[in-house]
Amino acid sequence: MEHPSSFQMANSDKPLALSPTQYTLPESHRPQLDRLVSHSSSIPIIDLADYADEAIRAPASLVHQVSRACEQHGFFQVINHGVPQELCARMLDEATRIFHQPHQEKAQLLSDDPSQDAARFSNYHLRLDNGASQDRVNMWSECFSHLWHQTDDFTSKLPPSLGSYGEVVSEYANEMDALVGKLSSLISQGLNLKNECLKNRIGGEPRWRVQANYYPPSPDPELTLGLAVHTDPNAITVLLQSQGASGLQVIHDDKWLAVAPLPNALVVNLGDQIQVLSNGRYKSVHHRAVSSKALRVSLAVFYGPNKDTMISPIEELVDDEHPPMYREYKMSEFLDQFVRQRGKRRMAKEIFQVQKVAE
Ligand SMILES: O=C(O)CCC(=O)C(=O)O
Ligand SMILES: [Fe+2]
């Protein structure tokens, strides 16, 4: 058995052993997998077959399904989403391959700086409260992330060592652009807004970030975590996950709900900016990735406002009965907060919440 040292988990060809200090969660932070709410219930599954063009009004039943999912779960899966199945498979293969590159190649892109926009490998951690015998625990995962721009030279900005990853992610991200267009239109319609309202508020030069997550088989899934509980800081996230092992869990009614990988489905979740723009009507929901005995790979595409964009609740959603829940802020302010609270259960949007005045 091998103890994974810094960032070589995906490179080991032997089963990994748990080092007691680096990756083992103290009892107070273990995932308590046996307390999971039953696998029979899940997040909504929404069929997009009847919605091909973001500019047209969607059938009322579809808008209703999306709106209910956004209000009640903040998460749903989409099927018949228009992204070719063969491309999704290639994308996951490429993501898996880059984690298997020789460690020396990956080490050159290793960075602990969360504000870095260029491609980087990293490993998340959980900061423990003062007084615990250890102050941090590494997550049982490796991540690779970078910004994506819809420009011709995007792939040339990625390190050449990544090989064909660049072309595939570019093709995939173009598909995400089309899908996110449909999703933001449906979400706008659910809020009784014009189709293009959310897209306009997020802005003509949105920030797109891609993050591949590699979760190696864990010797004891009860003692490790793939990704600690968090909400996404962007507007809309689309997650592609490998088949087989399930790992994503979302909070629903104060309980953990597992999001089973469905063939040919993509997981959609709302990020913090939709909660703010919708004046609290649609929820950015806490989620985490738990470990399992099998390998799991996922690839998240994050769509959100760029750093210069001003964000505040949309005027049409504010009235006497629904006063603004958040003050206006610049997205860079939000991201600064997000980085500052790293390793913790973040409360970034709460910083911008309008305090209720006691009557
Ligand atoms: O891998 C997953 O299921 C979750 C990934 C995730 O939440 C993230 O990258 O923000
Ligand atoms: Fe997430």
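The values are calculated or read from the model by the stated rules, or taken from the named source; none is laboratory data. Small disclaimer: the values here were computed from a predicted structure and weren't measured. Positions of Cβ are backbone-derived with ideal geometry, glycine not excepted, and every protein chain shown enters the neighbour counts. Each accessible area value is taken on the protein alone, full model and side chains, heavy atoms only, with ligands, DNA and RNA left out. Shrake-Rupley method; radii C 1.70, N 1.55, O 1.52, S 1.80 Å.
Sorted by packing (mean other beta-carbon atoms within 10 Å per residue), highest first, where do 210-221, 254-265 land?
210-221, 254-265
Compare the peptides 90-97, 270-277 by average per-residue count of other Cβ atoms within 10 angstrom and give them in order, highest first. Kindly include the intermediate steps, with their values, before the conclusion.
Working: 90-97: 18.6, 270-277: 24.9.
Going by the mean number of other Cβ atoms within 10 Å, highest first, we get 270-277, 90-97.
With every atom except the alpha carbons ignored, what do you get for Rg and Dmax of segment 5-85, in angstroms?
Both quantities, over Cα of segment 5-85: 20.7, 56 Å.
Could you report the chain's accessible area per residue, 1.4 Å probe, as an integer in Å²?
Per residue, the chain has an accessible area of 46 Å².
Taking only Cα atoms, what is the 0 to 90° angle, nearest 10, from helix 85-99's long axis to the longest principal axis of the chain?
40 degrees
Show me 348-355, 27-34 ranked by packing, highest mean number of other Cβ atoms within 10 Å first.
Peptide ranking by packing, descending: 348-355, 27-34.
Once a ≥ b ≥ c are taken as the square roots of the eigenvalues of the Cα gyration tensor of segment 127-209, is the result rounded (a/c under 1.5), prolate (a/b larger than b/c) or oblate (a/b not larger than b/c)?
Oblate, since a/c reaches 1.5 and b/c is not below a/b.
Taking 0.36 nm per intervening residue step and subtracting the Cα-Cα distance, what contour gain separates Lys157 from Asn192 on full extension?
So the extension gain works out to 8.6 nm.
Based on the Kirkwood radius over alpha-carbon pairs, what value in µm²/s does the Stokes-Einstein equation return for the translational diffusion coefficient of segment 65-169 at 25 °C and 0.890 mPa s?
145 µm²/s
Once a ≥ b ≥ c are taken as the square roots of the eigenvalues of the Cα gyration tensor of segment 155-297, is the result rounded (a/c under 1.5), prolate (a/b larger than b/c) or oblate (a/b not larger than b/c)?
oblate
Kirkwood Rh over alpha-carbon pairs of the chain, then Stokes-Einstein at 4 °C and 1.567 mPa s: what D in µm² s⁻¹, rounded to an integer?
61 µm²/s
I'd like the distance separating the alpha-carbon centroids of segment 17-74 and segment 81-135, in whole Å.
With segment 17-74 and segment 81-135 each reduced to a Cα centre, they are spaced 21 Å.
Let me have the 222 nm mean residue ellipticity of the chain computed from DSSP H runs of 4+ only, each contributing -39500 (n - 2.57), with the sum over all residues rounded to the nearest 500.
-7000 deg cm²/dmol
Report the dimensions of segment 234-359 along its three principal axes from the alpha-carbon atoms, largest first, rounded to Å.
52, 31, 28
Can you give the local net charge around Ala300? Use residues other than it whose beta-carbon is closer than 12 angstrom to its beta-carbon, Lys and Arg +1, Asp and Glu -1.
Details: positive: Arg209; negative: Asp232.
Net local charge, Ala300 excluded: 0.
Along Cα→Cβ, 7 Å out, is where each label goes; now give me the distance between the ones at Glu315 and Ala260 in nm to one decimal.
It is 4.7 nm.
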